[in-house]
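Remarks on the structure that follows.
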Amino acid sequence: MIRIAAVGDVHIDRDVLGRFRPALEELPDRADVLLLAGDLTRHGTEAEAKCVATEFGGLGVPVIAVLGNHDHHCDEVPGVLAALTDAGITVLEGDSIVVDVDGTRLGVAGVKGFGGGFAGRCASEFGEPEMKAFVRTTGTVAERLGAALRDLDCDVRVALTHYAPVPDTLAGEPLEIYPFLGSYLLGQAIDSAPTDLAVHGHAHHGSERGRTPGGVRVRNVAHPVIKQAYSVFNLAREHVSPSAASGI
């Protein structure tokens, strides 16, 4: 059994520095790894990323992250990445990592993701170049996620994204913005490999639980949804169940 802690959309800046740390100090007793599902910063500045590094660095467990749309806003992604990696946080974008947990190989593949919508309410690669570019971006990102998942050599496989791969976990958000919250292409990518769990953020007013068409369990771990420092999932190849979680 592997214990996976996860949270997204923490939007760290100087004014919230320290809010999560007391609960995070308990992580080694509660979880084997921490996944950060994007929107780590408020505006995507290097200074904010250094606050994230202070808050989530040196926890005693591996910390694996993807960036979110907020983390791209100020066009300081290289500085953001440098601040996070200098703190020992692994940031994924179309690639993967394998972590040994007491002899069990946990594989995590991650991308930020992008929008586009879901079956019946999705954008298509038709018309203006701008629309085609929008949809192609999602397609390219989803292809990278699927390839990273399929290439993993591990015992347990997890997909980490910021944008949602299914509409289930968007319930509570206005239907009009579903195309900007996720894409069915991410769900297809997840279903292309024997994935055990998918976690994402981004949907602050969404729902916690969902499932891909192929049956993979999906969890929205955006902080405004889970309302605690992280949720913990006990994960084995044939079973995912929520465990005790630590609040703030």
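No value in this document is a laboratory result; all are computed from the given coordinates. Owing to the predicted nature of the structure, the values given are computational and were not obtained by experimental measurement. A quick note on method: Cβ atoms are made from the backbone with ideal geometry, for glycine too, and the neighbour counts reach across all protein chains shown.
Key figures for this structure:
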| item | result |
| --- | --- |
| Pairwise centroid distance, computed over Cα atoms, of segment 35-79 with segment 146-193, Å | 20 |
| Long-range HN-HN contacts of ALA171 with modeled amide H, under 5 Å | SER207 |
| Per-residue [θ]222 nm for the chain (sum of -39500 (n - 2.57) over DSSP H runs n ≥ 4, rounded to 500) | -7500 deg cm²/dmol |
| Segment 182-235 - Kirkwood radius from inverse mean 1/r over Cα pairs (Å) | 11.7 |
| Mean Cβ neighbour count within 10 Å, used as a protection proxy, ranking 91-101, 197-207, 40-50 highest first | 197-207, 40-50, 91-101 |
| Over segment 136-226: Kirkwood hydrodynamic radius from C-alpha pairwise inverse distances, Å | 12.9 |
| Considering only the chain, percent of DSSP beta bridges that pair antiparallel, nearest 5 | 45 |
| Virtual spin-label span in nm between ASP95 and GLU128, 7 Å along Cα→Cβ | 3.6 |
| Normalised convex hull volume, segment 2-242, alpha-carbon set, Å³ per residue | 112 |
